[in-house]
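Here's the structure, in structure tokens; my notes come after.
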Amino acid sequence: MAKKYIVVTGGVLSGIGKGIVSASIGRILKDCGIKVNSLKIDPYLNVDAGTMNPNQHGEVFVTDDGYEADLDLGHYERFLGIDMKRFNNITAGQIFKSIIEKEREGKYLGATVQMVPHVTEEIKNRIKSIDTDLLMIEIGGTVGDIEGEIFLEAVRELSLEEGIKNFFFIHVTFVPYLNVTNEFKTKPTQQSVQLLRKIGIHPNMLIIRTEKAIDSGSLDKIALFAGINRKYVINLPDADNVYEVPEKLFNLGIQNIIAENLNLNIQNKLNWNYPKIFSPVKIAMIGKYLGTDDAYKSIIESIFLSGAEKPELIDSQIIEELSEDDAKELLSKYDGIIIPGGLEKEE
């Protein structure tokens with residue numbers, strides 16, 4: 001069987017759940033009997049996430065082989081049950097660093113090194129090197145970002161080389177709801193699909209992210225203007241917790257759509273148990289990166305998976321400024337305390 005690829009892109013906004021969608025689909029297909037692995041492509045110029053500020057980018061997820069990765073690799077590991085490695089993440093920094101080193105060593109034999117074909121070939125070779133039957137590829141950022149253009153071009157080229165029938169493109173996009181006019185606004189999604197099509201990628205499926213369930217008329221409109229079969233336009237409204245997503249997508253039959261398009265023989269099943277009711281255990285987490293919950297993503301998700309409620313984040317600076325007695329009084333109301341690591345600020 002030829003290697004299959006599912007490429008997940010994002011539109012309108014970043015942070016709308018591409019990683020959760022990719023991890024969920026991967027888990028569904030794994031349970032359906034397909035050998036699955038994943039790849040997160042990050043268009044930033046950092047070589048890895050190790051030096052990035054957790055307040056801006058979220059946690060640094062450290063893999064078994066010591067690689068410092070984007071937090072989405074944590075989602076992949078938790079959902080797929082596969083230990084992530086350094087090859088599960090590509091950054092623009094890695095690609096350009098490799099190309100410059102090769103150029104300095106004379107490996108291009110004096111050729112003018114260019115974005116196409118040299119950068120795209122480097123990206124394609126990294127993608128093809130992952131040994132699996134089906135590879136989930138998530139391209140970070142949103143369509144239209146200048147940083148991500150070369151990666152989209154690379155997967156476009158690869159889809160032609162490997163056979164378009166071996167590729168399935170999923171575009172995850174956001175449709176806002178305006179309370180003032182009491183309607184969903186589909187125009188940003190239409191424009192996002194148009195940007196993707198100008199690059200040469202026509203998405204096979206749209207996953208429409210909304211804060212609440214969208215009306216069927218808006219989905220019909222999106223399908224019409226995007227030129228996509230209506231049954232391939234799927235609404236995924238906000239869930240109470242991300243561990244509901246695999247079951248939601250499975251019940252919508254996404255595995256059957258993908259299997260039909262990629263010619264996969266699947267067992268239509270999902271073995272997925274996640275906490276639906278959380279025990280009211282009060283846990284305090286004393287941290288210094290409070291700009292976003294993603295800074296302590298793996299710790300928070302571990303607490304969820306143990307069946308406990310979300311911990312309350314407490315600024316470590318506040319604790320340091322309290323007297324010992326006041327700190328004890330503040331923390332005494334909690335059933336447990338977690339103190340994660342953090343970098344010291346240089347004076």
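Just a yes or no: is a residue in region 20-43 farther than 29 Å from residue 250 by Cα, small (Gly, Ala, Ser) and assigned by TED's automatic domain parsing to the domain that holds residue 177? So far as region 20-43 goes, no, none of its residues is farther than 29 Å from residue 250 by Cα, small (Gly, Ala, Ser) and assigned by TED's automatic domain parsing to the domain that holds residue 177.
Yes/no matrix, rows are residues, columns are (1) under 30 Å from residue 217 (Cα atoms); (2) touching a Ser or Thr at 6+ places or on another chain (Cβ under 9 Å):
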residue	(1), (2)
237	yes, yes
253	yes, no
276	no, no
300	no, no
304	no, no
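Residues checked against (1) in contact with a His (Cβ under 8 Å, 6 or more places away or on another chain); (2) of a type outside the set (A, V, I, L, M); (3) more than 27 Å from residue 133 (Cα to Cα):
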| site | (1), (2), (3) |
| --- | --- |
| 4 | no, yes, no |
| 12 | no, no, yes |
| 48 | no, yes, no |
| 53 | no, yes, yes |
| 64 | no, yes, no |
| 76 | no, yes, no |
| 83 | no, yes, no |
| 96 | no, yes, yes |
| 100 | no, no, yes |
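If you check residue 258 against the conditions, is it modelled with pLDDT of 95 or more and under 22 Å from residue 7 (Cβ atoms)? Quick ask: steps written out before the conclusion?
Numbers: modelled with pLDDT of 95 or more: yes; under 22 Å from residue 7 (Cβ atoms): yes.
Against the criterion (modelled with pLDDT of 95 or more and under 22 Å from residue 7 (Cβ atoms)), residue 258 qualifies.
Among the candidates 134, 152, 206, the residue that is aliphatic (A, V, I, L, M), out of contact with any Gly (no Cβ under 6 Å at 6 or more places or on another chain) and over 22 Å from residue 250 (Cβ atoms) is uniquely 152.
Of all residues in region 98-116, those being among the charged types (D, E, K, R) and either touching an Asp or Glu at 6+ places or on another chain (Cβ under 7 Å) or exposed (fewer than 14 other Cβ atoms within 10 Å of the Cβ) (or both) number 4. Comparison of 119, 143 shows that the only residue that is of a type outside the set (Lys, Arg), surrounded by 19 or more Cβ atoms within 10 Å (Cβ to Cβ) and assigned to a helix (DSSP H, G or I) is 119.
Starting from residues that are closer than 20 Å to residue 4 by Cβ and within 23 Å of the chain's Cα centre (by Cα), keep the ones in region 229-251 and report whichever is surrounded by the fewest Cβ atoms within 10 Å (Cβ to Cβ). Break it down stepwise before answering.
Keep residues of region 229-251 that are closer than 20 Å to residue 4 by Cβ, which gives 229, 232, 234, 246, 249-250.
Those left that are additionally within 23 Å of the chain's Cα centre (by Cα): 232, 234, 246, 249-250.
Working: 232: 17, 234: 19, 246: 23, 249: 21, 250: 21.
My answer is 232.
The values are calculated or read from the model by the stated rules, or taken from the named source; none is laboratory data. Bear in mind that the values here come from a model prediction, so they are computed numbers and not experimental data. We place every Cβ from the backbone using ideal geometry, glycine too, and count neighbours over all the protein chains shown.
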